[in-house]
Amino acid sequence: MPTSPASTSSLPFSPPLTDARGRPMRDLRISVTDRCNLRCTYCMPREIFDRNHVFLPRSDLLSFEEILCIARTFVSLGIRKIRLTGGEPLLRRGVENLVRELARLTDEGGAPIEVTLTTNGVLLAQKAKALKDAGLARLTVSLDGLSDAVFKRMSDVDVPVSTVLNGIASAKQAGFSSIKVNMVVKRHVNDHELLPMARHFKDSGITLRFIEYMDVGSTNGWRMEEVVTAGEILEVIGSQYPLERLGAGDGVAQRWRYRDGKGEIGIIASVTQAFCDGCTRMRLSTDGKLYTCLFAEDAKADLKTMLRNGKTEEDLKQAISDCWKIREDRYSQIRHQLTESHFKKIEMSYIGG
Ligand code: SAM
Ligand code: SF4
Ligand code: SF4
């Protein structure tokens, strides 16, 4: 195959691509599996993702070699950050080997590409050291509550919270200095866990980030009434632990610092304060399709088929550039003008959060 990922690429590096709204392409999310060991009601509700649900057959998954080849092409187009996600990325066998190869990629100046991963933490205690040794730079763990009852209501499985907390502890022990915890907040389901979660992670060196519950996919039955807004979250936390805003954030999460100096929190207000203007992210699905928005209806290119039909890295580069250049997505900014019939959105577990 002319695209053999084993070959050393001599693709020339280019300045960052910009889309039709002037946004540069800077980071890539790669979903390495569409499967998961949890059934979070807001992402993979059990009624839909049950035993009749057809997950991708193994042959449709991008191999690690194919992922590497695609990642290298993205790096040649200016990407400097890669996040592995899913589904649950730790379910993909040997994911640490993929991390090791990706972490070897460098930009034109020889600086390493930053490789990160988002996990539900269930398998983290087993995997943390291997991931650290493989060169994973940062880790985000999702956790929606501290009580087993709340965790079960959100994740719809019988895993105790201590499994995830042990995973986080193992990651710290393995030497991860930058760990974030993501908490999706749903009204009347886990909003009473806002303060206990803040208390638990305050002064721990871990940044807790609160995420507004989003209308991703078409299966979670999303209703605006269930969204606990960024404003409400800040009010609850701030009433107990005074906060002050820290700079502009990273374009996605707002950063807030505890006034007593004991750490910070993040808020991802994708529903009430859309950040589409700063959205610089491309997404690669488990089966090699490109999506330019989390709320996309359709893939913009099929890189797996291109690779398996013998296309070269130059061809991939052209295809990626073509779909970024015409990108106009800004779903979160216009969601309130759209009706249900406008969209059959893709599931988050398939393109990765
Ligand atoms: N399984 C891994 C995990 O849960 O961390 C990685 C994939 S998951 C799709 C990535 C992130 O998306 C998680 O932090 C999850 O909480 C978030 N997420 C999923 N569905 C969401 C929704 N409807 N609204 C807001 N965040 C969501
Ligand atoms: Fe699985 Fe993550 Fe989706 Fe929960 S949010 S169902 S852990 S992919
Ligand atoms: Fe980016 Fe689409 Fe989310 Fe806007 S709605 S921030 S364009 S992923």
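The values are calculated or read from the model by the stated rules, or taken from the named source; none is laboratory data. What you are looking at is a predicted structure, and each value in this text was computed from that prediction instead of being measured. Ideal geometry is used to build each Cβ from the backbone, glycine not excepted, and the neighbour counts take in all protein chains shown. Side chains are part of the model used for accessible areas, which takes the heavy atoms of the whole protein and leaves out ligands, DNA and RNA. Shrake-Rupley method; radii C 1.70, N 1.55, O 1.52, S 1.80 Å.
For the reader, a short list of remarks on this structure follows.
- The stretch 127-145, subset touching a residue at least 40 places away in the same chain (Cβ under 8 Å) and within 16 Å of ligand 2 (Cβ to nearest atom), residue surrounded by the fewest Cβ atoms within 10 Å (Cβ to Cβ): T140
- Flag if R259 is over 23 Å from T85 (Cα atoms), touching a Pro at 6+ places or on another chain (Cβ under 9 Å) and open to solvent by 50 Å² or more (accessible area, probe 1.4 Å): yes
Each row is one residue, and each column tells you yes or no for (1) over 30 Å from E297 (Cα atoms); (2) within 22 Å of the chain's Cα centre (by Cα); (3) open to solvent by 30 Å² or more (accessible area, probe 1.4 Å).
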position	(1), (2), (3)
D148	yes, no, yes
I168	yes, yes, no
F176	yes, yes, no
V189	no, no, no
H192	yes, no, yes
F201	yes, yes, no
D215	no, yes, no
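- Comparison of A269, A253 shows that the only residue that is touching a residue at least 24 places away in the same chain (Cβ under 8 Å), within 13 Å of ligand 3 (Cβ to nearest atom), open to solvent by less than 20 Å² (accessible area, probe 1.4 Å) and closer than 24 Å to A169 by Cβ is A253.
- Number of the exception - R283 against (1) farther than 21 Å from R330 by Cβ; (2) in contact (Cβ under 8 Å) with a residue 24 or more places away in the chain; (3) basic (K, R): (1)
- In the stretch 168-195, the residues that are part of a helix (DSSP H, G or I) and touching a Ser or Thr at 6+ places or on another chain (Cβ under 8 Å): E193
- Scanning the stretch 110-148 for residues that are in a loop (DSSP other than H, G, I, E, B) and among the β-branched types (V, I, T) yields I113, V122.
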